[in-house]
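Note sheet for the following structure.
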Amino acid sequence: MLHFNRNYIKTINYWLQQNKVIILYGARQVGKSTILSMLQKTTEKFKILNCENNAVANALSENNTDRIKLLFGDAKVVALDEAQKIENIGAVLKFIHDSEAINCKIIATGSSSFNLSNKITEPLTGRNVKIHVYPYSLEELFTNKSGLWVLENLESLLVYGSYPEVFNISLDRRANFLQNLAGDYLYQDILQQERLKNSRDLKKLLRALALQIGSEVSYNELGNLLGLSSKTVERYIDLLQKNFILIQLDSFSRNLRNELKKSKKVYFVDLGIRNALLSNFNPLDVRTDVGALWENFCVIERYKANSIKERFRNMYFWRTYDQAEIDLIEEYDGALDIYEFKYRKTKKIKFPASFINNYEVRNTSIISNGNFEKLME
């Protein structure tokens, strides 16, 4: 099985030296356990414990120093995989972190981000660092494969996405893998958290959203389409974000009268999942959604790049009632970087003068299949 080096390793090692409890969040199958295995190979006295093991869960839940020392042995770094399975996990992690007798650094992973986050936020204030793990980023693909490989396989990334397992199976098996992943397995944490008997409404909502990437979404319109209340749609989208299936961008608005002020766009963290929901793995030359796929791809790659490099930037889109638009805005240090995404390079595109003249724009970028490496900057 092929395992790529992950850019998260350097960040994790840095924060281990700062004596922080490291929380690795991420959807199922993005490679959290593989990252732990990689760390184990390069870190002295590194131990991995699976918290789905009842013996591990019971020993940790007791908050008993002697029992935990027995469990950890002589390890200097302990990784608790699927840590959200432990009751009161935040209090447990705080107890271990603060105990001089245990003297061990801790990494905790969890696929159900909203569940784990709620349990750790208060007890670990000031003691933890959260790291979000995503499917392979462009930079990881350039590093582990090559620039030529990415150029030759760009279409495949738009169709099948970048979940690690996709790169370990043959082309003819990828669609089946993604359709299985896009089933109940991917969002079983939500089903458990919300005590839903089935995922029918979630699937209907996800399919509707899959058809709307690149367009503004309306909770009311989605609710009317699916027979759900707008509040239920909003709550489900929030849960899908917290489970790393979607991200949502707000519209940017400061002072122009005709700006859309409360609109939102939704993008899929992985295009393979999006295409699986629609059962559409057709090549690009027979698709009608290439523009939407490209916009989703570019937004997510910027999102990954900022997250992996620990750059805290606000991300928005912009549109006016007369259809002037900007695909992506990144706000940081008091200025704005703006992006337009076009799959095929066309004649020179001008950004809206109404925006350029009214806001402090630092950089402008037009990203096509001819220069998409700029997404890694």
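No lab work stands behind these numbers, since they all come straight from the coordinates. The structure presented is a predicted model; accordingly, all values stated were derived computationally and were not measured. Cβ placement follows ideal geometry from the backbone for every residue including glycine, while neighbour counts extend to all protein chains displayed.
Below are the figures for this structure:
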read-out: All-pairs alpha carbon distance profile, the stretch 138-376, 10 Å steps from 0, percent; value: 7, 30, 36, 22, 5, 0
read-out: Efficiency of FRET between Lys264 and Ala324 - r from beta-carbon atoms, R0 22 angstrom, step 0.05; value: 0.75
read-out: Span-like helix ranges in the chain, DSSP H, alpha carbon extent 24 angstrom or more, Kyte mean at least 0.0; value: 290-308
read-out: Gain on full stretching of the segment that runs from Gln248 to Thr346 - 0.36 nm per residue minus C-alpha separation; value: 32.5 nm
read-out: Gain on full stretching of the segment that runs from Gln179 to Asp74 - 0.36 nm per residue minus C-alpha separation; value: 33.5 nm
read-out: Label-point separation in nm, Arg313 to Val290, each point 7 Å along Cα→Cβ; value: 2.7 nm
read-out: Segment Ser99-Tyr14, length gained on full extension (0.36 nm per residue, minus Cα span); value: 28.5 nm
read-out: Spin-label model distance (nm) - Thr143 vs Asn371, 7 Å beyond Cα toward Cβ; value: 2.5 nm
read-out: Pairwise label distance in nanometres, Asn282 with Thr232, each label 7 Å out on the Cα-Cβ vector; value: 3.2 nm
read-out: Filtered GluC sites (Glu not before Pro), the stretch 1-103: DSSP coil and at most 16 other beta carbons within 10 Å; value: Glu44, Glu52, Glu62, Glu87, Glu100
read-out: Candidates Leu93, Leu328, Leu225, ranked by Gaussian network fluctuation over the chain, Cα under 10 Å, top entry; value: Leu225
read-out: Considering only the stretch 224-377, percent of DSSP beta bridges that pair antiparallel, nearest 5; value: 65 percent
